[in-house]
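The values are calculated or read from the model by the stated rules, or taken from the named source; none is laboratory data. Please read all numbers here as calculations on a predicted model, not as lab measurements. Glycine also receives a Cβ, built like all others from the backbone with ideal geometry; neighbour counts cover every protein chain displayed.
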Amino acid sequence: MQRSHLNRQVWSFSLFFCLAIVVCESFHYSVPEEKKSGSLVANVLKDLKVDVKELSARRARLVSEGTKQYFQLDPHSGNVIVQDRIDREALCGQQDPCVLFSEIMLENPLQVHRIEVQIEDVNDNSPQFSKMEFLFEIPEQTPLNTRFLLESATDADRGENAVQNYTLSLNNHFRLDVQSHDDGSKSAELVLERQLDRKENVRLFLILAAIDGGTPKRTGTAKIVIEVLDNNDNVPQFQQSLYKVKLRENASPNALVAKVEATDKDLGSNADITYSFNQVPENILRSFKLNKNTGELAVAGIIDYEENRNYGINIKATDGGGLSAYCKIIVEVEDMNDNAPEVMLTSLTSPLPEDSPPDTAVALFRVTDRDSGDNGRTSCTIEANLPFKLKAHANSYYQLVTQQALDREKASEYNITITATDQGSPRLSSIRMISVQISDINDNSPVFEKSTYEMHLWENNIPGLLIGLVQAKDLDNNKNAKVSYSLLPGKVSDQPVSSYVSINSETGNLYAIRSVDYEQVKDFHVTVRAVDGGSPPLSSQVMVRVVVVDENDNAPFILYPLQNGTSPSNDLVPRGAEAGYLVTKVVAVDRDSGQNSWLSYELLKATEPGLFSVGAQNGEVKTTRPINKRDTIKQKLIIGVRDNGHPAQSTSAALSILLVDGFSDPFMKMVEIPKEEVVGEEDRTLTMYLVICLAVISSIFLVSMLAFVAIKIHKRRRFIESSALNFPVGPNFPENCRDADGGSLSRAYNYEVCLAGGSLSSEFRFLRPLFPVFSVEPAQSQGPQKIVSGSHEISCNGAEVMNQARGAASEDAAARPGGPGGTGNQPITANANLGQNDWLSYQ
Ligand SMILES: *[C@@H]1O[C@H](CO)[C@@H](O)[C@H](O)[C@H]1NC(C)=O
């Protein structure tokens with residue numbers, strides 16, 4: 001590469017163009033033609049003022065105009081190199097200088113630099129004559145110094161490399177006169193120096209050589225044959241030496257272009273004129289034909305304004321005697337609108353991020369039209385209703401920019417049709433489709449399919465059980481739509497929620513980690529978070545309510561009569577009781593809920609079958625017939641209690657009943673009744689003794705009672721003082737109540753049975769605690785002990801349980817409706833917490 005070729009010049013025809021957004025500069029380089037592929041043209045780093053790193057980072061690339069890419073840019077070195085062999089003659093023909101235009105595009109910011117590479121000629125073509133042999137017919141009396149124009153040789157090379165000189169072989173008659181012209185071309189003429197004599201030589205043979213100025217020199221030769229003719233006095237004469245005609249491009253073959261005419265004053269064959277092209281280049285021979293008899297010039301090939309705007313055609317008229325005259329036709333080609341505009345895309349940003357702000361450059365292109373004038377004036381449009389618009393810049397550059405915000409979720413791709421139209425008549429247009437992909441930005445949060453979820457979990461589940469599935473969708477794409485799930489921290493009855501459930505971060509499956517007890521946790525809430533994979537990630541949350549479903553996993557628990565393994569309680573029944581007498585009521589609870597806690601009672605075993613019955617719904621133990629003398633005093637009943645679960649759970653209660661005499665009247669009468677009975681039947685003496693005995697016994701009894709009461713009151717005062725509890729004490733305490741424990745109730749439950757006089761069917765009045773007792777818990781209970789100083793009241797028919805508890809037991813204790821078939825006598829089902837945590841008291 002010669003350094004001289006690298007010099008930068010500004011040529012007069014250089015186009016200076018500038019875009020508003022494009023920093024532009026033109027660079028000029030030159031390279032000889034016929035260089036091997038890979039040869040260096042220039043290094044653009046210095047001109048672009050960038051270094052190699054920046055060059056590749058900004059995705060520099062070279063775009064050539066036209067279809068063929070002669071050069072390429074090596075982004076790693078900044079070298080512009082020859083990609084394909086360049087033949088200057090094929091590329092530019094006679095055009096000089098021969099320049100190839102390219103652009104170097106740089107991104108961020110977008111820059112376009114114009115590169116102009118001049119292709120320099122090398123002497124790769126020899127001079128050439130259009131024919132191997134030229135015939136001259138010259139009359140013998142032709143005067144000396146007559147000149148005969150010789151056809152110039154052509155040389156496809158330019159300048160020094162074109163034809164520089166002509167030589168002629170040695171001969172006796174002619175010399176060669178070489179003339180230089182203003183345009184640098186040379187022509188040669190034969191000059192007659194010695195008279196021709198047909199008798200001496202009918203025919204002469206000369207060799208004409210054309211020599212170019214290249215190194216090394218190249219030559220081309222042609223043979224010149226000279227026929228010596230007899231006399232011919234007159235030379236043909238053209239009517240005009242120059243004809244100027246206009247010709248539309250694309251004129252059809254055989255269309256007449258011009259007609260030349262020459263005359264000759266001779267007679268006979270010396271006046272016969274034939275026309276021929278004189279020294280015309282190849283392209284004229286291809287485009288035009290000449291009728292040698294009429295002198296009509298017609299179209300023979302393609303007339304293309306874009307290739308050749310005018311032609312100079314030399315025509316020779318020769319008479320039969322060999323004398324010639326010359327004229328020239330100048331054909332000016334008129335432009336037609338025969339070229340559609342062309343859209344040349346120089347840069348395209350695709351995919352385009354969806355968050356690109358308005359006015360972001362998407363593409364840069366240039367519209368060219370090979371026609372001239374209006375035919376080459378172009379305009380450019382794109383379809384309406386697109387979020388893009390065109391910005392026109394100088395030199396038919398257009399920029400496609402965004403006009404409004406984009407949303408990949410609505411349109412992920414745009415096919416934009418660019419229509420370029422020229423102003424010719426008729427108008428020609430061309431379209432070019434560019435496809436712009438919109439790339440995703442993480443602008444959508446995951447969205448759960450439901451606003452809240454409810455899932456059911458059976459209690460006593462196995463750990464690891466799948467509870468349910470939450471799912472969130474994300475409208476974004478790929479990674480931005482990849483949702484992962486997690487649990488937010490929370491508490492379930494004072495324990496972290498993560499100890500209850502876990503979530504599969506990919507599928508959203510919720511699993512139970514531990515076995516859940518309905519009796520402890522009835523439901524709980526879990527907050528699930530869905531996060532997408534974008535950067536930064538977006539998230540959303542949803543509340544999942546896990547409802548624990550009850551299973552029948554608790555057997556009924558008997559509250560009364562107490563079943564603690566010690567001697568069973570005794571219920572008293574007067575022997576005079578009629579059928580239907582309410583003996584007692586079995587009270588049981590079930591810690592389960594719903595059907596699982598609906599209890600039913602049945603009599604399993606009885607000392608005297610048929611004497612007692614148990615209400616299936618309410619657990620009331622009644623007599624079924626009057627008691628007769630044969631019934632034993634001590635009756636024992638086994639009562640089964642069963643819940644309504646599947647499978648059902650059951651338990652049984654043992655009940656002791658004592659049949660007692662004289663128990664039908666009010667208590668106050670009880671003491672007197674024996675007296676009346678005694679007085680009524682025995683004789684007076686006996687009665688007297690008895691009365692005395694009775695009086696003595698009564699006195700002793702009275703004294704001991706008084707002593708006992710005094711001690712008791714004293715003890716109770718001490719107890720009240722020490723326990724600071726407030727109980728009804730002292731004289732108000734009903735004396736007519738007999739302590740019914742009789743050893744049958746445990747230390748935990750201490751009841752007073754108050755038997756009131758009156759109706760037999762209403763003796764069972766109250767169960768009332770004397771005072772709360774610190775005690776061991778009931779047999780089945782596992783919970784902590786509690787003291788409740790409150791009372792539950794059971795009315796005589798057991799219709800309802802009035803909760804008067806002042807303590808914590810009140811919250812869950814509630815009267816429940818009776819089971820199916822219940823007729824006012826409803827089963828009492830206390831709450832599950834009742835048996836476990838609370839001491840119950842009945843009044
Ligand atoms: C854009 O053109 C391509 C190729 O012709 C086609 O596959 C695609 O569906 C088009 N897209 C739109 C949005 O029209």
Any residue in the range 57-71 that is basic (Lys, Arg), assigned to a strand (DSSP E or B) and modelled with pLDDT under 85?
yes
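Yes/no matrix, rows are residues, columns are (1) of a type in the set (Gly, Ala, Ser); (2) in contact with a Lys or Arg (Cβ under 9 Å, 6 or more places away or on another chain); (3) modelled with pLDDT under 85:
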residue: Gln2; (1), (2), (3): no, no, yes
residue: Gln9; (1), (2), (3): no, no, yes
residue: Phe17; (1), (2), (3): no, yes, yes
residue: Ile21; (1), (2), (3): no, yes, yes
residue: Ser30; (1), (2), (3): yes, no, no
residue: Ser37; (1), (2), (3): yes, yes, no
residue: Leu40; (1), (2), (3): no, no, no
residue: Lys46; (1), (2), (3): no, no, no
residue: Asp51; (1), (2), (3): no, no, no
So the strands (runs of 3 or more DSSP E) completely within the range 146-244 holding 3 or more residues that are crowded, with 18+ Cβ neighbours inside 10 Å are 163-168, 186-192, 203-212, 219-229
Asn201 is checked against (1) of a type in the set (S, T, N, Q); (2) under 16 Å from Asn293 (Cα atoms); (3) assigned by TED's automatic domain parsing to the domain that holds Glu160 and fails just one. What number does that condition carry?
(2)
Which number in (1) over 30 Å from Trp458 (Cα atoms); (2) modelled with pLDDT under 90; (3) crowded, with 16+ Cβ neighbours inside 10 Å; (4) of a type outside the set (A, V, I, L, M) marks the one condition that Thr566 misses?
(3)
Taking the range 509-539 only, how many residues are assigned to a strand (DSSP E or B) and not hydrophobic (A, V, I, L, M, F, W, C)?
8
Which strands (runs of 3 or more DSSP E) sit wholly inside the range 400-475 and have at least 2 residues that are under 30 Å from Arg377 (Cβ atoms) and within 16 Å of the ligand (Cβ to nearest atom)?
413-422, 429-439
Can you find a residue in the range 590-608 that is within 30 Å of Lys522 (Cα to Cα), part of a loop (DSSP other than H, G, I, E, B) and either basic (Lys, Arg) or over 60 Å from the mean Cα position of the chain (by Cα) (or both)?
yes
Has the range 520-541 got at least one residue that is farther than 30 Å from Asp443 by Cα and more than 48 Å from the chain's Cα centre (by Cα)?
no
Can you name every residue in the range 496-544 that is closer than 21 Å to Asp592 by Cα, in contact (Cβ under 8 Å) with a residue 60 or more places away in the chain and not aromatic (Phe, Trp, Tyr)?
Glu519
Residues of the range 98-125 being surrounded by 16 or more Cβ atoms within 10 Å (Cβ to Cβ), part of a loop (DSSP other than H, G, I, E, B) and out of contact with any Asp or Glu (no Cβ under 7 Å at 6 or more places or on another chain), which ones?
Leu110
Would you be able to say whether some residue in the range 349-358 is free of Cβ contacts under 8 Å to residues at least 40 places away in the same chain, away from the ligand (no atom under 16 Å from the Cβ) and part of a strand (DSSP E or B)?
no
Residue hits (the range 595-629; under 18 Å from Thr651 (Cα atoms) and of a type in the set (Gly, Ala, Ser)) are Ser597, Ser600, Ala606, Ser613, Gly615, Ala616, Gly619
The range 479-508, residues that are of a type in the set (Lys, Arg) and outside any strand (DSSP E or B)
Lys479, Lys482
Is it the case that some residue within the range 126-136 is closer than 29 Å to Val343 by Cα and touching a Lys or Arg at 6+ places or on another chain (Cβ under 9 Å)?
no
Residue identified as under 32 Å from the mean Cα position of the chain (by Cα) and either outside the structural domain of Leu348 (by TED's automatic domain parsing) or of a type outside the set (S, T, N, Q) (or both) among Ile438, Ile431
Ile438
For the range 222-253, how many residues are within 60 Å of the chain's Cα centre (by Cα) and of a type in the set (A, V, I, L, M, F, W, C)?
1
Tell me which of these Leu386 doesn't satisfy, since it passes every other one: (1) farther than 27 Å from Pro537 by Cα; (2) surrounded by fewer than 20 Cβ atoms within 10 Å (Cβ to Cβ); (3) away from the ligand (no atom under 16 Å from the Cβ); (4) free of Cβ contacts under 8 Å to residues at least 60 places away in the same chain.
(3)
The lone exception for Phe129 - which of (1) under 29 Å from Asp212 (Cα atoms); (2) modelled with pLDDT under 85 it fails:
(2)
Give the residue that is surrounded by the fewest Cβ atoms within 10 Å (Cβ to Cβ), with candidates limited to residues of the range 405-418 that are in contact with a Phe, Trp or Tyr (Cβ under 8 Å, 6 or more places away or on another chain) and within 30 Å of Asp371 (Cβ to Cβ).
Ile416
Could you identify the single residue in Thr452, Thr421 that is surrounded by fewer than 13 Cβ atoms within 10 Å (Cβ to Cβ) and of a type outside the set (Phe, Trp, Tyr)?
Thr452
Which of (1) under 29 Å from Ile313 (Cβ atoms); (2) not in a strand (DSSP E or B) is the odd one out, the single condition Pro143 does not satisfy?
(1)
Specify the residue that is farthest from the ligand (Cβ to nearest atom); the eligible residues are those in the range 389-399 that are among the hydrophobic types (A, V, I, L, M, F, W, C) and without any contact (Cβ under 8 Å) to a residue 60 or more places away in the chain.
Ala392
Quick check on the range 337-348. Is at least one of its residues more than 16 Å from the ligand (Cβ to nearest atom), within 25 Å of the chain's Cα centre (by Cα) and either on the phi < 0 side of the Ramachandran plot or of a type in the set (A, V, I, L, M, F, W, C) (or both)?
no
Looking at this structure, is Val492 in contact with a Ser or Thr (Cβ under 9 Å, 6 or more places away or on another chain) and closer than 30 Å to Val589 by Cβ?
yes
